[in-house]
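A.B. asks: What follows is a single structure, and I will ask about it in a moment.
Every number here is computed from the coordinates shown, using simple stated rules; none is lab data. Worth saying up front: this structure is predicted, and the values here are computed from it rather than measured. With ideal geometry, Cβ positions are generated from the backbone for all residues, glycine too; neighbour counts draw on all protein chains shown.
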Amino acid sequence: MPDERKLHLNAFLMSVGHHEASWRLPESDPYAGWDVKHYQELARIAERGKLDSLFLADSPVQQGDPGRRPTGKLEPTVLLTALAGVTSRIGLIATASTSYNEPYNLARRLSSLDHVSDGRAGWNIVTTAGADAARNFGLDDVPLHRERYERADEFLDVSTKLWDSWADDAILADKAAGVHADATKVRAINHRGRFFRVDGPLNVPRSPQGWPLLVQAGSSEDGKGFAAKWAEAVFTAQQTLADAQAFYRDLKQRAATLGRDPDGIKILPGIVPVIGDTLDEAREQEAELERLISPEYARAQLAERFHLTPADLPLDEPLPDDLPTEDQIEGAKSRFTLIVDLARRENLTVRQLIGRLGGGRGHRTFAGTPEQVADTIEEWADNGAADGFNIMPAVLPSGLVAFVDKVVPILQERGRFRTEYEGATLRSHYDLELIKQ
Ligand SMILES: Cc1cc2nc3c(=O)[nH]c(=O)nc-3n(C[C@H](O)[C@H](O)[C@H](O)COP(=O)(O)O)c2cc1C
């Protein structure tokens with residue numbers, strides 16, 4: 001029986017850190033974002049801390065202004081394959097878009113990663129917001145939000161059929177009889193749907209976990225409906241305990257309504273921990289990062305999100321009253337609402353809002369001592385807001401080192417986190433069954 005008090009922790013790796021100005025610190029290597037050795041070091045640190053998994057975000061588009069900060073990034077399944085070679089237990093979660101892939105190619109890549117890593121692959125399923133990505137795939141604009149999720153649903157239907165196209169016991173490897181596999185157990189899927197026509201079977205035999213761990217990260221109505229049906233772990237941005245509790249209740253309830261065990265879907269809000277030996281030291285680190293933000297650049301990004309021009313957002317005034325509503329946003333709906341709510345709730349000026357978003361783009365930033373970080377993690381977990389956390393260090397590697405060496409031991413002492421990996425697969429770390437058939 002899994003111990004329900006035990007938390008699940010994922011390391012969200014991003015170049016030299018989640019803070020948009022982290023690359024400007026003296027300690028940061030501005031080339032690290034595409035250096036496999038940097039990621040290998042991060043993976044080893046996360047595994048030393050016995051974290052459940054590490055995760056790479058992705059979008060098939062050049063995001064942000066390359067003139068202002070490091071922006072390019074490596075394709076996650078390729079990079080995770082290199083990380084699989086230098087680790088043995090930690091889960092490896094790749095983001096891949098259902099809007100800009102074909103199920104056969106992607107199901108194959110993820111199944112390959114599961115083989116290469118001996119059962120440690122996960123897929124963060126995203127539908128990809130933004131017209132700029134659409135324009136890399138022959139489209140003029142981003143497909144409608146609802147339609148992206150409808151395609152995602154069929155994409156999962158096809159992918160899971162492909163992973164199931166090889167039975168667990170299809171391979172016989174009977175050299176004496178000259179029979180390699182029971183060919184009746186490798187079956188076509190003959191899928192005919194609205195978005196896809198796929199004959200199958202997959203050209204990769206059944207992988208160690210059956211399916212990779214299915215992870216989801218959109219929190220709009222459609223996103224939650226999709227997660228309740230498919231996801232086994234959910235990453236989410238939540239600013240307050242009350243909002244996180246409401247999200248947690250809602251998603252577990254939706255899963256139960258669909259006949260799923262609510263414990264089979266682990267909810268992991270993001271946290272950007274800024275850790276100091278004293279609270280003052282943590283606050284000073286946070287302030288130093290904020291001083292390095294370029295407000296003009298951040299304002300342009302905010303304006304784009306709101307369908308405004310930068311001039312519509314004077315830095316020392318609150319957000320304008322007449323912003324679009326979530327219904328009018330076809331991109332990332334839930335993040336839009338989170339940002340507007342944050343600014344209004346705390347009466348922030350645009351400049352202050354930019355400072356608050358600098359650390360984690362809407363994820364909750366928490367500056368404190370290791371004990372305080374451990375306390376807030378426990379508080380959320382004990383009050384129906386989280387099954388664990390998506391750890392998003394503001395600066396990498398130093399923020400991950402601090403978390404692993406200072407916060408994890410406290411959680412272990414309090415009996416809230418494993419001191420050794422118990423199983424070998426990513427599914428086992430998340431207390432989930434392998435997919436058998
Ligand atoms: C922790 C976290 C990580 C995310 N990573 C990605 C990503 O790598 N690529 C992406 O396109 N969207 C990513 N998203 C965004 C969502 O997957 C989703 O595309 C976006 O929020 C729009 O969905 P929604 O409108 O349902 O909220 C992430 C969201 C969260 C909370």
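A.B. asks: FRET efficiency for T309 and A287, Cβ-Cβ distance as r, R0 = 30 Å, nearest 0.05?
C.D. replies: 0.50
A.B. asks: List, in the order given, every pair from K161/K229; K6/K161; K161/K436 whose Cα-Cα distance in the structure shown is over 21 Å. Display every interim value, and only then the final one.
C.D. replies: Working: K161/K229 15 Å; K6/K161 33 Å; K161/K436 13 Å.
In this structure, K6/K161 exceed 21 Å between Cα atoms.
A.B. asks: Rg (Å, one decimal) plus Dmax (Å, integer) for the alpha carbons of the range 279-361?
C.D. replies: Radius of gyration, then largest Cα-Cα span, for the range 279-361: 13.2, 42 Å.
A.B. asks: While we're here: Pick out, from Y149, S165, G178, the residue whose Cα sits farthest towards the positive end of the charge dipole of the range 145-197, with +1 on the Cβ of Lys and Arg and -1 on the Cβ of Asp and Glu.
C.D. replies: Y149
A.B. asks: Let me ask something else. Evaluate the chain: find the radius of gyration of its Cα atoms, find its Kirkwood radius, and give the ratio Rg to Rh.
C.D. replies: On the way: Rg = 21.7 Å, Rh = 22.5 Å.
Taking Rg over the Kirkwood Rh, I get 0.97.
A.B. asks: How far apart, in nanometres, would the label points at T184 and R135 be if each is projected 7 angstrom from Cα along the Cα-to-Cβ direction?
C.D. replies: 5.6
A.B. asks: I'm checking a number: the convex hull volume of the Cα atoms of the range 345-436, normalised per residue, in Å³. What is it? Spell out each step's value before the answer.
C.D. replies: Working: hull volume 14.1 nm³, N = 92.
Once divided by residue count, the hull of the range 345-436 is 154 Å³.
A.B. asks: Given the options R305, R414, R283, which has the most mean-square fluctuation in a GNM of the chain, springs set between C-alpha atoms less than 10 angstrom apart?
C.D. replies: So, out of R305, R414, R283, the one fluctuating most is R414.
A.B. asks: Sort 129-139, 362-372 for me by packing, meaning the mean count of neighbouring Cβ atoms within 10 Å per residue, highest on top.
C.D. replies: Numbers: 129-139: 15.0, 362-372: 20.1.
For the peptides 129-139, 362-372, the packing ranking is 362-372, 129-139.
A.B. asks: Restricting to Cα pairs below 8 Å that are 6+ residues apart, what does the relative contact order work out to for the chain? Please round to a whole percent.
C.D. replies: Working: 797 pairs, mean separation 99.6, N = 437.
Contact order relative to length: 23 percent.
A.B. asks: Going 7 Å from the Cα of S112 toward and past its Cβ, which residues in the range 188-208 have a backbone nitrogen under 16 Å from where you end up?
C.D. replies: 202-208
A.B. asks: What FRET efficiency comes out for R414 versus T278 if R0 is 25 angstrom and r is the Cβ-Cβ distance? Round to the nearest 0.05. Display every interim value, and only then the final one.
C.D. replies: Numbers: r = 21 Å, r/R0 = 0.84.
After rounding, the FRET efficiency stands at 0.75.
A.B. asks: Given charges of +1 on the Cβ of Lys and Arg and -1 on the Cβ of Asp and Glu, with all other atoms neutral, how large is the dipole of the range 279-361 about its Cα centre, in debye to the nearest 20?
C.D. replies: 180
A.B. asks: Quick one: if you stick a label point 7 Å off each Cα along the C-beta vector at D341 and E75, how many nm between them?
C.D. replies: It works out to 3.7 nm between the two label points.
A.B. asks: From zero outward in steps of 10 Å, how is the percent of C-alpha pairs of the range 145-231 spread across the bins?
C.D. replies: Distribution as computed: 16, 37, 29, 13, 5, 1 percent.
A.B. asks: Kindly provide the helix-only [θ] at 222 nm of the chain, computed as the sum of -39,500 (n - 2.57) over DSSP H runs of four or more divided by all residues, to the nearest 500 deg cm²/dmol?
C.D. replies: Taken over the chain, the calculation gives -11000 deg cm²/dmol.
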